[in-house]
Each structure stands twice: as C-alpha cells, then as structure tokens.
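Here the structure comes first, spelled out in structure tokens, and everything after it is commentary.
The values are calculated or read from the model by the stated rules, or taken from the named source; none is laboratory data. For clarity, every value in this text was computed on a predicted model and none was experimentally measured. As a convention, Cβ positions derive from the backbone with ideal geometry for all residues, glycine included, and neighbour counts pool all protein chains shown.
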Amino acid sequence: MESDERVRWRRLLEKELSSARQIHSEGVAQCARQLAKHWGADPDKAERAGWLHDLTKEKSKEEHFALFEQFSADPDETEQQIPNLWHAVSGAWLVFRCLVPNDLEIFSAIRWHTTGCPGMTLLDKILYAADFIEPNRNYFDVEFYRREAFRDLDNALRLGMRWNLLSLLEKQVPVHPRTVEAYNEQTRKQERNLL
Ligand SMILES: [Fe+2]
Ligand SMILES: [Fe+2]
C-alpha cells in the first residue's frame, strides 16, 4: 500500500472517530496485513478493511438510519434491535459505495466483522481475528489468541466467537443467530480435525 493511502485513511479516521478508536483501527489494519501475509490473502485489501472497519461506529442512531436509507442497506430484524451491530451495515455500504468502490471482498469483511457468519471468506476471517488480537487489545489471554490466529485461523475464530457469545450471554443481551451458526460451523470443523 502506498503511504499516501495510509495518510488518506488516517485523516478520514481523525474526522470520524475518537483517538482510542483511531488507534484501534490502525492496530487492526497492521494486524490484518500480517495475517494476510501469513495466510496468503491480499495484504493491501486486508489492511484497507482494517483501517475502515469501524468507520461509522460513532454515528448517531439518526445518522445510521440515514445511511441505511441512502444505500438501501439491509439490517435484518435482529440487527435492527442491536445498536452495536449497526456500524457493520452502514460502514460496509459506505465503504463499498464511496471509499473503495465495488470491492465486494472488503464489503463482506466489514459487513460480517461483528457477528461473523457461516461460510466466511479468508478476508472475512482475517478481519474478524485482527479485530480481537490487534496490538492494543489487552484482555488476559490475548497472547494465546494471537498465537492461535497464526497457527489455526479457524480455531482462533471459533474461540473469538465463543468469547463474544459468552460475554453477550453474561450481559443478558440478545445474540445474533448468525454468530451461533458461525460458531457451530467452526466447532464442527474442529471436531472433524480431531477425528
Ligand atoms: Fe466493529
Ligand atoms: Fe473494531
């Protein structure tokens, strides 16, 4: 990636996000690039997806719904009820239409980076994993998750989804059925690997 492009994304994030989230996004971009190199995906696309994945995270409810309308975006019924999931929809569409036009791989990675989904592509998995292992994350067993993402990406994904599901259940908030489906898919894969 040319350094001009990095400057462009950094400037954009300065306008849209708090400094903590700018730092997080840059961390996800770097980490997604490393994972892409390791697993044979396109490092530039992975980095771009990292820079942009949380772009609309600090928008208000009204701004989100205006973006949904503008792009005829499609939050499903469960997504409409969970504000934390809105930025994956509005962000994916904003990037797809205005910033990295017509790049379906980046659209998909941003679209599914919060819930996951069954049948994730390599780039989807890389962004999902980079989001929870980027260098600024510091939960207690993050080092284990970091190693796992470079050793067995599917298992890292399964563990990330498990962690995500457990924390949602603990908070007694709704869980998106797509996360459960994605978790089941990755768990079946691991079971097959153990046979
Ligand atoms: Fe996010
Ligand atoms: Fe994020």
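Scanning segment 134-151 for residues that are more than 16 Å from ligand 2 (Cβ to nearest atom) and surrounded by 18 or more Cβ atoms within 10 Å (Cβ to Cβ) gives a single hit, E148. Just one of the listed residues (L165, L159, L85, L94) is in a helix (DSSP H, G or I), in contact with an Asp or Glu (Cβ under 6 Å, 6 or more places away or on another chain) and surrounded by 14 or more Cβ atoms within 10 Å (Cβ to Cβ), namely L85. Report yes if some residue within segment 55-63 is surrounded by fewer than 21 Cβ atoms within 10 Å (Cβ to Cβ), in a loop (DSSP other than H, G, I, E, B), modelled with pLDDT under 95 and within 14 Å of ligand 1 (Cβ to nearest atom); otherwise report no. Checked segment 55-63: no residue is surrounded by fewer than 21 Cβ atoms within 10 Å (Cβ to Cβ), in a loop (DSSP other than H, G, I, E, B), modelled with pLDDT under 95 and within 14 Å of ligand 1 (Cβ to nearest atom). In the set (1) touching a residue at least 60 places away in the same chain (Cβ under 8 Å); (2) assigned to a helix (DSSP H, G or I); (3) surrounded by fewer than 17 Cβ atoms within 10 Å (Cβ to Cβ), D131 fails one condition alone, (3). The residues of segment 104-128 that are assigned to a loop (DSSP other than H, G, I, E, B), small (G, A, S) and within 11 Å of the chain's Cα centre (by Cα) amount to a single one, G116. Of all the residues in segment 97-120, those that are under 18 Å from F132 (Cα atoms) and either within 14 Å of ligand 2 (Cβ to nearest atom) or of a type in the set (K, R) (or both) number 8. With E105, E69 as the choices, which residue is farther than 28 Å from R146 by Cα and acidic (D, E)? Within the list E105, E69, the selection yields E69. With respect to the conditions (1) under 21 Å from N164 (Cα atoms); (2) of a type outside the set (K, R); (3) away from ligand 1 (no atom under 16 Å from the Cβ); (4) not in a helix (DSSP H, G or I), P101 lacks only one, and its number is (1).
The condition (being over 20 Å from R178 (Cα atoms), without any contact (Cβ under 8 Å) to a residue 40 or more places away in the chain and within 16 Å of ligand 2 (Cβ to nearest atom)) is satisfied by just one residue among L67, L94, L55: L94. Among the residues of segment 33-43, are any crowded, with 17+ Cβ neighbours inside 10 Å, modelled with pLDDT of 95 or more, within 14 Å of ligand 2 (Cβ to nearest atom) and closer than 20 Å to I126 by Cβ? No; the residues of segment 33-43 include none that is crowded, with 17+ Cβ neighbours inside 10 Å, modelled with pLDDT of 95 or more, within 14 Å of ligand 2 (Cβ to nearest atom) and closer than 20 Å to I126 by Cβ. Scanning segment 3-25 for residues that are in contact (Cβ under 8 Å) with a residue 24 or more places away in the chain and among the polar types (S, T, N, Q) yields S18, S25. Scanning segment 97-145 for residues that are of a type in the set (F, W, Y) and touching a His at 6+ places or on another chain (Cβ under 8 Å) returns a single hit, Y128.
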